[in-house]
Amino acid sequence: MAIGVLNLVVNFPAPIIFALILNEIKNKYFKKIVQTISYMPYFVSAVVACGIVVDFTEAGGAISTFVASITGSEPQNLLNQGTNFWLIYVLQNMWQGLGYGSIIYISALSAIDQELYEAAAIDGAGKWLQCIHVTIPGILPMIIMMLIMQMGSVFSVGADKILLMYSPANYNFADVINTYVYRMGLVQSDYGLSTAVGLFNSIIGTILLITTNQIAKKLAGTSMF
């Protein structure tokens, strides 16, 4: 649960902030270059990305050695430490999904009437106030829709990357529901327990989705259904 919540808290607003920053870049050539570079990691295979992370964070790896030089300690396998594993997992997701996740918000930003910015500028609003009173309200329905969808999968953290990075040494803090179902069902052949846990996970996800949808409908007037 902790990994899913941390991933949501960090990686849900990250593409929004990135899209807002790109929206302020006036040089179209530079903007396209930044967008293209940010999209590239999304198309890197999870196996390759996780392999790089494992190599760099193991004892003697580039990242672990750099961390050890800062902290004045011996290089250690960072993936075998709870908070480090969570941080590495979240940052890897951000690296791969930041640019691709911002596409939908960039599209929403392009649909905002430019006359609203002109009117706000005439009223004396600077860039910051324009962002608060024009930009964010303009993409708020899209933000709410994406939040509703992500809340439904907060417990269904992608098991593929975790399976590629975890080991018996970090089961206690790296295990999520999907990886637990995998180990119980395919590794230990306990199909009954794995099915029950998977069903429970789906029910909880559905409840979260419906609850978030109803709250959004009452507070913001925007909902999926």
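The values are calculated or read from the model by the stated rules, or taken from the named source; none is laboratory data. Not measured: the values here are computed from a predicted model. As a convention, Cβ positions derive from the backbone with ideal geometry for all residues, glycine included, and neighbour counts pool all protein chains shown. Surface areas here come from the heavy atoms of the whole protein model, side chains and all, with no ligands, DNA or RNA. Shrake-Rupley method; radii C 1.70, N 1.55, O 1.52, S 1.80 Å.
Debye-formula intensities of region 98-225, expressed as log10 I(q)/I(0) at q = 0.10, 0.12, 0.17, 0.21 Å⁻¹, are -0.53, -0.67, -0.96, -1.15 (one equal scatterer per alpha-carbon, no solvent). Using only alpha-carbon positions in region 1-138, the gyration tensor eigenvalues give semi-axes of 38, 16, 14 Å once each is multiplied by 5 and square-rooted (largest first). Grouping the Cα pair distances of region 1-70 into 5 Å bins from zero gives a pair-distance distribution of 3, 13, 12, 14, 20, 19, 13, 6, 1 percent in increasing distance order. Sorting 76-83, 34-41 by their mean Cβ neighbour count within 10 Å, with the most densely packed peptide first, gives 76-83, 34-41.
Legend: P(r) of region 166-225 from all alpha carbon pair distances, 10 Å bins from 0, whole percents, reading 21, 31, 23, 19, 6. Helix 2-11 and the longest principal axis of the Cα set of the chain meet at an angle near 30°. Accessible surface area normalised per residue over region 47-127 is 56 Å², counting heavy atoms of protein chains with a 1.4 Å rolling probe. Each Lys and Arg adds +1 at its Cβ and each Asp and Glu adds -1 at its Cβ; summed about the Cα centre, the chain shows a dipole of about 320 debye. Choose one of LEU6, THR83, ILE210: the residue whose Cα lies farthest towards the positive end of the charge dipole of the chain (beta-carbon charges +1 Lys, Arg; -1 Asp, Glu; about the Cα centre). Among LEU6, THR83, ILE210, the one farthest towards the positive end of the dipole of the chain is ILE210.
Cα gyration tensor of region 29-75, axes a ≥ b ≥ c as square roots of the eigenvalues: rounded (a/c below 1.5), prolate (a/b > b/c) or oblate? Taking the square roots of the gyration eigenvalues as a ≥ b ≥ c, region 29-75 is oblate. The C-alpha atoms of the chain define a longest principal axis, and helix 28-39 lies at about 20 degrees to it. For LEU116 and LEU147, what does the FRET efficiency come to when R0 = 22 Å and r is the distance between their Cβ atoms, rounded to the nearest 0.05? That gives a FRET efficiency of 0.40. Look at the dipole of the chain built from charges on Cβ: of MET165, THR222, ALA119, the Cα furthest out on the positive end belongs to ALA119.
Determine the calculated [θ] at 222 nm for the chain from helices alone, applying -39500 (n - 2.57) to every DSSP H run no shorter than 4 residues and normalising by the residue count; nearest 500 deg cm²/dmol.
-21500 deg cm²/dmol
Farthest towards the positive end of the charge dipole of the chain, among the residues ILE37, TYR100, GLY138, is the Cα of GLY138, using unit charges on the Cβ of Lys, Arg, Asp and Glu.
Please say if region 73-135 is rounded, prolate or oblate, where rounded means a/c under 1.5 for a ≥ b ≥ c the square roots of the C-alpha gyration tensor eigenvalues, and otherwise the choice is prolate for a/b larger than b/c and oblate otherwise? It comes out prolate by the Cα gyration axes. Here the contact order of the chain, divided by its residue count and restricted to Cα pairs under 8 Å and six or more residues apart, works out to 24 percent. The orientation-averaged shadow of the Cα convex hull for region 110-175, equal to a quarter of the hull surface, comes to 7.1 nm².
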